[in-house]
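Since the structure comes first, as C-alpha cells, the remarks are kept for the end.
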Amino acid sequence: MNHRTVVNLALLPAACAWAQERPLNIIYIMCDDHSYQTISAYGSTLNHTPNIDRLAQRGVRFTNSFVANSLSGPSRACMLTGKHSHANGFTDNTKRFDGSQQTFPKLLRQNGYQTAMIGKWHLVSLPTGFDYWDILTGQGDYYNPTFIRSVDGEDSHAERLQRHGYSTTIVTDLALNWLSNQRDPQKPFCLFIHHKAPHRTWMPDLQDLELFSDSTYELPATFYDDYSGRRAAQEQRMTIARDMDLVYDLKMADRDSTIHSFDRTLEHWGRAMYTQRMDSAQQAAWDAHYQPIIADFKAKFGNGQLDKNNPQFSILNSQLNNWKYQQYMRDYLRVIHSVDRNVGRVIDYLEQNDLLESTLIVYTSDQGFYMGEHGWFDKRFMYEESFRTPLIMSLPAAYGGKQGVTSDAMVQNIDYAPTFLQATGTAIPADIQGVSLLGEIQSSRVPKSQSSRVGELKNRDLYYHYYEYPDEHRVNRHFGIRTKRYSLMRFYGDVNQWELYDLKRDPENMHNLYGKPGTLNLTRKLKKKLLQLQELYDDPIRDSLNAM
Ligand code: SGN
Ligand code: CA
C-alpha cells in the first residue's frame, strides 16, 4: 500500500502529526438534481440546510462549480472517470457505461482503499471498482425502493431486493451499516452515498409532509421569460406552466379521476406511484396530506383544464401557474429537508466514531436545477442554474484542510476524480482531463510540490457539451465555453444557433448578445478559445465545426 501523506508535518501543529499515521478516508455524498438555490450555505432564502452548512463551515464551498454535461448518467460518468462525455462514452441517459474503463474507485482500490457505492447509480451496467455496492434500480423509487446489491464482493453475483421505507433514509442507513459492520476497519475507505432525492417527482418523506404548508414563494423574476433571441429555449418542453403535470408531478391523483395528465401513460404511472407502491399505513399518511389539497385544488380550478373562453381565463391561468409553483416548491423543499437531516446523521456518525477528523467529506449534486427560473423545472441547458452545481469539500484540519472559506476557482465535475486521487496519495493518470482541487481545499502551509497543480486552475475556462435530444424535454444539443465573465454556446441539430452572454451584466442568460454590434472581437476570441478546449479535450465535434 502506498499512502503518500498529503501533509507536510513540519508545517502543521504537532497535534496533527497523527494524520500521517491515518490515511485519509473519503465520503462522497451526491444528490440528484439538488439546486444550489436551495442550500442556505449558498445563500438560499427559501430554506435552511443546517447540516450541509456544517460541511461548509468545516470546509470549502466552491462558488464557481459547474458540470460538464447537465444530466445524471453523463455527470456520473464524468465524475467516475475524470473525463468529458465524449471521452468516457456516456454522452446521454440512453447509453450504457463501459465499466471496463479506468475509474477513480478502481485506482483507489489498487492503492489499498476499500470502496463502496450505495444509492443511485444510473449507469445501466452494474458497478465495477467497488468492494461493495448496493444500488437503486434505474432512477430509483422514493418509497419502498428496489435495490440491486453485490453479494460477496465485486466479482460475484447480484441480488435484487425491495426495502421498506423512504429512499434517502434507507440509503443513509445502508451507508452507516457499511461503515459499522461491513468494512475492514484496518483499511482506509471511499464511500459513495448517492441519493435519488430530490429528483422528479419530489416525493417527501411522510414525516416532512406538513413542513412549509403555510409558506409561499415568490415567482422568480424570469418566470415569464419569453425566450426572445434564444431559439433552443423556445423549443424546450420543461415549463412549470405547460409541461409540469398535475397528476404525475403535482400529486393531484384524485380518487374519482377527474384530473388528468397530458397522456394516459404518465397518468397511470403517477397514480400507481402514489398508491400501489406504498403500504396501507404510508398510503393513509400520504392521503391525509394530499387529499385535502386535491379538494382545495378542485374547488379553485376544477379539473385544471381552464376554459380559454372564460373572461376570467388570464387571471385564473396565472393563479394556476402560481399554485403549481407553490406546490412544486413545497414538495421539493420537503425532500431537501430530509436530505439535510440525513447528511446530519452521517456527520454525527463520523463524529461519534472518531472518523470525522480523518475523512474528506464532499457534498455535491449531479447537476443544478431550475427552481422556476425561466419558468422551468429540469436542467440540461448551459444556462447558469443547470450548468452550476453545488460543491462543498470538507478536508479535516489535521490534513491541512481549510475551514469555513469559499473558493471562486472555475471547477468542474471532471475534477473530483483527480482530487480524490491526489488527496489519498494515488497517482493521477495522464489521461485524466480534470484538475485536482486539493490546492483549493488545503492550507497554503502545505508546500506547493505536495499540493495540486494549482497553476492549471488559474485563468481556467470550462468546456460543456450536452447531447440528449429530443428526449425528454426537447433541449437541443449544444456545446460551449464558460470563462469567468462570458459564456458562448453553440446549439446544433434542429436549432442551429450561437448564443453569447455577458454574465456580469446578465447573470440570468436573458440577453443573447451573439451578432450584436460591438461583440465581434469578443466572439472571435471566445470561439478561438472554445476550439482550443475542444482540441485539448479531443472532442471530435470540432471537426464538423466549420461545416456548421
Ligand atoms: C426522467 C425524468 C425527466 C428527467 C430525466 C433525466 N422524467 O426521465 O424529467 O429530465 O429523468 O434526469 S420522469 O418522468 O421519469 O421523472 S436525470 O437527472 O436522471 O438525468
Ligand atoms: Ca440529475
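The values are calculated or read from the model by the stated rules, or taken from the named source; none is laboratory data. Just so it is clear, the structure is predicted and the values come from calculations on it, not from any experiment. Cβ sites come from the backbone with ideal geometry, for glycine too, and all protein chains shown count toward neighbours.
Ser444 meets the conditions (1) at pLDDT 95 or above; (2) in a loop (DSSP other than H, G, I, E, B); (3) surrounded by fewer than 24 Cβ atoms within 10 Å (Cβ to Cβ) in every case but one. The failed one is (1). When Pro127, Pro145 are checked against the criterion of being at pLDDT 95 or above, within 16 Å of ligand 1 (Cβ to nearest atom) and either closer than 30 Å to Pro204 by Cα or among the basic types (Lys, Arg) (or both), Pro145 stands alone in meeting it. For the range 500-513, the set of residues classified as surrounded by 16 or more Cβ atoms within 10 Å (Cβ to Cβ) and touching a Ser or Thr at 6+ places or on another chain (Cβ under 7 Å) consists of Leu500, Tyr501, Glu508, Met510, Leu513, listed by residue number.
Can you tell me which residue within the range 478-518, out of those that are farther than 17 Å from Tyr227 by Cβ and aromatic (Phe, Trp, Tyr), is nearest to the chain's Cα centre (by Cα)? The extreme case among them is Phe479. Among the residues of the range 81-114, those identified as of a type in the set (A, V, I, L, M, F, W, C), over 26 Å from Gln403 (Cα atoms) and either surrounded by 24 or more Cβ atoms within 10 Å (Cβ to Cβ) or within 16 Å of ligand 1 (Cβ to nearest atom) (or both) are Phe90, Phe97.
Being more than 25 Å from Lys484 (Cβ to Cβ), more than 19 Å from the chain's Cα centre (by Cα) and surrounded by 23 or more Cβ atoms within 10 Å (Cβ to Cβ): is that true of Gly425 here? No; evaluated as a whole, the condition is false for this residue. Residues that are out of contact with any helix residue (DSSP H, G or I) (no Cβ under 7 Å at 6 or more places or on another chain) and of a type in the set (A, V, I, L, M) were ranked within the range 234-282; the one that is farthest from Met489 (Cα to Cα) is Ala281.
Restrict the check to the range 328-339 and report whether at least one residue is over 19 Å from Trp202 (Cβ atoms) and away from ligand 2 (no atom under 16 Å from the Cβ). No.
Highlighted here are the strands (runs of 3 or more DSSP E) found entirely within the range 127-217 that include at least 2 residues which are away from ligand 2 (no atom under 16 Å from the Cβ) and farther than 26 Å from Gln102 by Cβ: 146-150, 158-162.
Residues in the range 28-76 that are buried (at least 23 other Cβ atoms within 10 Å of the Cβ), away from ligand 1 (no atom under 16 Å from the Cβ) and β-branched (Val, Ile, Thr): Ile29, Ile39, Thr49, Ile52, Val60.
Please verify whether the range 305-312 includes one or more residues that are out of contact with any helix residue (DSSP H, G or I) (no Cβ under 9 Å at 6 or more places or on another chain) and either among the aliphatic types (A, V, I, L, M) or within 16 Å of ligand 2 (Cβ to nearest atom) (or both). No: the range 305-312 contains no residue that is out of contact with any helix residue (DSSP H, G or I) (no Cβ under 9 Å at 6 or more places or on another chain) and either among the aliphatic types (A, V, I, L, M) or within 16 Å of ligand 2 (Cβ to nearest atom) (or both).
Take the conditions (1) over 27 Å from Arg109 (Cα atoms); (2) within 16 Å of ligand 2 (Cβ to nearest atom); (3) part of a loop (DSSP other than H, G, I, E, B); Leu46 misses just one of them, which is (2). Of all the criteria given as (1) part of a helix (DSSP H, G or I); (2) within 15 Å of ligand 1 (Cβ to nearest atom), the one not satisfied by Asp415 is (2).
Taking the range 237-252 as the range and being of a type outside the set (D, E, K, R) and over 17 Å from Tyr142 (Cα atoms) as the test, the residues that pass are Met238, Thr239, Ile240, Ala241, Met244, Leu246, Met252.
Of the helices (runs of 4 or more DSSP H) that lie entirely inside the range 223-313, those containing 2 or more residues that are among the polar types (S, T, N, Q) span 280-301.
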